[in-house]
1. Out of the stretch 185-204, which residues are over 19 Å from T3 (Cα atoms) and not basic (K, R)?
2. Which of the residues belonging to the stretch 194-246 are farther than 15 Å from D8 by Cα, among the small types (G, A, S) and touching a Lys or Arg at 6+ places or on another chain (Cβ under 6 Å)?
3. Which members of the stretch 106-150 meet the condition of being farther than 22 Å from T62 by Cβ, surrounded by 16 or more Cβ atoms within 10 Å (Cβ to Cβ) and among the charged types (D, E, K, R)?
4. Would you be able to say whether some residue in the stretch 175-198 is part of a strand (DSSP E or B), of a type outside the set (D, E) and within 38 Å of the chain's Cα centre (by Cα)?
5. Only one residue in R205, R168, R153 is basic (K, R), out of contact with any His (no Cβ under 6 Å at 6 or more places or on another chain) and modelled with pLDDT under 95. Which one?
6. Among the listed residues A17, A80, A55, identify the single one that is part of a helix (DSSP H, G or I) and closer than 30 Å to T150 by Cα.
7. Could you go through the stretch 65-75 and let me know if any residue there is within 30 Å of Q177 (Cα to Cα) and either in the same structural domain as G195 (by TED's automatic domain parsing) or charged (D, E, K, R) (or both).
8. A17 fails exactly one of the following numbered conditions: (1) under 30 Å from A155 (Cα atoms); (2) in contact with a strand residue (DSSP E or B) (Cβ under 9 Å, 6 or more places away or on another chain). What is the number of that condition?
Amino acid sequence: MTTAPVKDQRRLLDLQALDTRAAKLAHQRRTLPVLATLAELEGRAEDLHRAQVEAKTVAADTRRELAKAEADVEQVRSRAARHQAQLDAGTGLSRELVALQTELAQLAQRQAVLEEIQLEVMERLEDAEARVAELQRQEDAISADVARHTAERDAQLAEIDAELENVRAERAALAGQVDAELLDLYEYARGRTGGLGAVALRGHRTEGAQVEFTLSELAAIDAAAPEEVITSEERGFILVRLDEGQ
């Protein structure tokens, strides 16, 4: 049978209140709404980054395609210019000049086709660059949101951590005033129950946890000396007896 001073047993309730407060703060720290918001923003930022990489790749490929289209047009123009200069000079045999005129007509047709291709590529490049610019705008907006919510998270965490530090300091001071054997029993009970080490008991009624007592348990409680430490047979935590008026 474990015994401990009544005042030490009653201190367990204050200790339990501090432990419960610390657990709530730790839970609050893990479940801040801003954490979910940040996770969502970071997921969107990753999606935007992937889309931006793809968009920039498309734009770069289209620029290369445009450079080739421009080179093709310039090549045809240069060839046509040389032929036109030769025609204007009137040098060469008449059949050669006729052939030049025929080729000039063909080059003009070819140039028209290539210029259409060039225009189509230019339009696609304009769309690709607009896509890159829009994605960059969205990325910048997400980055600003992340920075703002990160600052909000840090402020909230700092506030919780400061309160946790105070609770832990108060808890350490209080635990130092409790009988060592009783404190060990309390910590053991907390480990078994997942955090509940002591519960107030007024007469046959518990506070903070619902406990159904057997007749033999009630008889043992009624017969126990004030210094005797009583534990719940079903749950394992310590039952701290209080007078009805307390």
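The values are calculated or read from the model by the stated rules, or taken from the named source; none is laboratory data. Values in this document were obtained by computation on a predicted structure and should not be read as measured data. Here the Cβ positions follow ideal geometry from the backbone for every residue, glycine too, while neighbour counts run over all protein chains shown.
1. Within the stretch 185-204, G191, T193, G194, G195, L196, G203, H204 meet the criteria.
2. G236
3. Initially, the stretch 106-150 is screened for residues farther than 22 Å from T62 by Cβ, giving 106-110, 140-150.
Now restrict to residues that are surrounded by 16 or more Cβ atoms within 10 Å (Cβ to Cβ): 107, 110, 142, 145-146, 149.
R110, D145, listed by residue number.
4. First, the residues of the stretch 175-198 that are part of a strand (DSSP E or B): 198.
If we keep only those that are of a type outside the set (D, E) too, we end up with 198.
From what's left, within 38 Å of the chain's Cα centre (by Cα): 198.
Scanning the stretch 175-198, I find at least one residue that is part of a strand (DSSP E or B), of a type outside the set (D, E) and within 38 Å of the chain's Cα centre (by Cα), so the answer is yes.
5. Values: R168 fails: modelled with pLDDT under 95; R153 fails: modelled with pLDDT under 95.
Answer to the selection: R205.
6. Going through A17, A80, A55 in turn, just one is part of a helix (DSSP H, G or I) and closer than 30 Å to T150 by Cα: A55.
7. Restricting attention to the stretch 65-75, the residues satisfying the condition of being within 30 Å of Q177 (Cα to Cα) are none.
No: zero hits.
8. Here A17 meets the rest and fails (2).
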